[in-house]
Every structure is written in C-alpha cells, then in structure tokens.
Amino acid sequence: MSLFVWPESNREFVAGVVPPEDIDSAWYFVFCRGEILLRLDADEQFMPLTHQDWPLLEGHDHVSHYMGRLGDKHCFAVEMSTIEEETAPLSGLFGRTDNLMFSMVGRAVQIVDWYRAHKYCGRCGAPNLTHDRDRAMICERCGIHAYPRLSPSIIVLIHRDDQVLLARNRRFPEGRYSTLAGFVEPGESVEETLIREVNEEVGVDVGHLAYQGSQSWPFPNSLMLGFHAEYAGGDIVCQDDEIADAAWFSLEELPNIPGRYAISRWLIDGYLSTKGVVI
Ligand SMILES: [Zn+2]
C-alpha cells in the first residue's frame, strides 16, 4: 500500500469566462506589475481579496477576468496598474497556500499574463479584441484567435533500488537538490523529451518510464508532466551551464529538497512510499 497520497485534483472548480449577473460572494486574485497582492490571514496563509475588500481597490485602473466558481466563490483574476498595498512575487506564496489555493493563483496569473501579452495581433500588429464567450483574443484584421498557451514540460525522478538521482540547478538556492525537468520541444513526444533531457543534463540513460501525475506550474506557463524512470546506465556528467551538481542519494539520507507545494517533492515522496520510507 502506498503511504503517500498524490494531491487530489480540484473537482470543486467550475471554469467560466462570462460572470453571472448577481454575485454575492467572490475572491479576487489581484496582480500588479507581475506580483500578487499579498494578504495573509492569522496563520500567515495567503488570502485573496473578498467582495467586502473590493471597494479598497476601486478608483484604480484595472482589468478583471472572470475565472469561474470555486464552491460558492466566484473567482476573478485582476490586474491593477498601480497599487498601494504590499505585493510579492509568486514564489513568495510557497508555504503560504495549500495546493488548491496555489493552483487558483497560478490560473489567475496565467490569465492576466496572457491578456497583457496579446493586446495586439502577433501576426499583423492590429489591436486585438476580447472574445465575448471564450478565453481568446481575436484580431479583426486577419482573424487569428490567441488562446492562453501552455508549455508542456517533463519532470522526472530517476531511481535505482534504494537510491535516487537528484541535481542542483545553478539557479537553486545553495544546498537545494531536486528532480530533473525540461521543456518539450516541437516535434518531440513526452517520452523522447524525458530521455533527451536526462541525457543532456546528467549524462545517464533511463528506461521503464512510469507516468505519475501532473502539476500546472505558473513560472511562467508550464504544465509539468511527472515521471519515475529507472536508471539504465552511464556515469553522471553534469551539463556545465545548467547543472551545478548531481549525485545519487540514499533514501535515508536525502539532501535539502523542495517543499510539498511542488511536483518534484510529490515524485520523491511517491517513490519513498513505495519503499516504505516516510520523511
Ligand atoms: Zn492580425
């Protein structure tokens, strides 16, 4: 029996584009210049603005996008041009949300970013119009529809018996190790990406790929597809410009790894649970 439970998918959320006319309960995810308005509750956990808070922000230029309904809360992604309250980068929410709230924030920021990046047609440069029913921007001149784009990526935990291969990206904080990840390139299958990325980043071969689950990762618009893969040969050779270090770690002596907000951790915990190890 597995000791680790992969985070449940968000079945409560009903996506939408057009808001209902009468709204008596709402959450507003508010962004300004790429950062999120940071409201914390008594437990230092992130809270979106509510219907009651909204008057505080009135009078500022803003664009509001309806996202849908979560339980009885109608949810909006809002971009303000200026804001007096404290804002923070999205990474400032790590440890300050549960997985459901983090996925709502990720959804909101991607809608706001997509809208800001598609005010003009990428093909002919004419101003775009907002579609009245779909999440799309339309060029009246050449007819192109611009939908929010996702970047599929693989993320993989490589294992051999009671060891896992973890790497330290050059961008990571000192001492932090994680699973390997990389973007799917045009023309590739996800499996081809995985084998290529592992080989490029740490020089080893893998096999027996086993899909585990996925996570939307809004840095900026990735869809992380998570795998376990079995070591199949080769010595570790780190890719100079990306990987500072990579090594095999015993399951009992893992280094500093990401928190439970990230799929990299779910992949590690999932493997540990198959071996009866809990951390
Ligand atoms: Zn156009």
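Values quoted throughout were computed directly from the atomic coordinates according to the rules given, and no laboratory measurement underlies them. Only a predicted model underlies this, so the values are computations on that prediction, with no experimental measurement involved. Cβ: placed from backbone, ideal geometry, glycine included. Neighbour counts: every protein chain shown.
Each pair of Cα atoms in the chain enters the Kirkwood radius, and Stokes-Einstein at 4 °C and 1.567 mPa s then converts it into a translational diffusion coefficient of 62 µm²/s. Exposure proxy ranking for Arg33, Arg160, Arg107, based on other Cβ atoms within 10 angstrom of each Cβ and starting from the fewest, stands as Arg33, Arg160, Arg107. Amide H contacts of Asp245: Arg168, each under 5 Å away and 5 or more positions distant or on a separate chain (H built 1.01 Å from N in the peptide plane; Pro and chain starts excluded). On the principal axes of its alpha carbon atoms, the range 13-117 extends 33, 28, 28 Å, with the longest extent given first.
Per-residue 3J(HN,Hα) values for the range 231-248, derived from phi via the Karplus relation 6.51 cos²θ - 1.76 cosθ + 1.60 with θ = phi - 60°, read 4, 10, x, x, 9, 5, 10, 7, 6, 3, 7, 10, 10, 7, 6, 8, 7, 7 Hz in sequence order (x marks Gly and Pro).
Residues whose amide H lies under 5 Å from that of His74, counting only those 5 or more places away or on a different chain, are Ser25, Ala26, Trp27; hydrogens are built 1.01 Å from N in the peptide plane.
Indicate the helices, whole DSSP H runs only, in the chain that combine a mean Kyte-Doolittle hydropathy of 0.0 or more with a Cα extent along their long axis of 24 angstrom or more. Taking the DSSP H segments of the chain (at least 24 Å long, mean hydropathy at least 0.0), we get 99-117. The ranking of Phe13, Phe46 from fewest to most other beta carbons within 10 Å of each one's beta carbon is Phe13, Phe46. Percent of Cα pairs in the range 98-203 per distance bin of 10 Å, from zero to the largest separation: 12, 26, 29, 21, 10, 2. Diffusion of the range 151-274 by Stokes-Einstein, at 37 °C in a medium of 0.692 mPa s and with Rh set to the Kirkwood radius over alpha-carbon pairs, works out to 229 µm²/s.
Ordered by the number of other Cβ atoms lying within 10 Å of each residue's own Cβ, fewest first, Leu194, Leu272 fall into the sequence Leu272, Leu194.
Our compactness index for the range 37-187, the C-alpha radius of gyration over the empirical 2.2 N^0.38 Å, is 1.32. Close amide-amide hydrogen proximity is noted between Val204 and Val237, each under 5 Å apart and 5 or more residues distant or on a separate chain (H modeled in the peptide plane; Pro and chain starts excluded). 3J(HN,Hα) along the range 176-184, derived from phi through the Karplus expression 6.51 cos²θ - 1.76 cosθ + 1.60 where θ = phi - 60°, amounts to 7, 10, 8, 6, 8, 8, x, 7, 6 Hz, with x in place of Gly and Pro.
Think of each Lys and Arg Cβ as +1 and each Asp and Glu Cβ as -1; about the Cα centre, that makes the dipole of the chain roughly 560 debye.
Farthest towards the positive end of the charge dipole of the chain, among the residues Trp266, Cys121, His208, is the Cα of Cys121, using unit charges on the Cβ of Lys, Arg, Asp and Glu.
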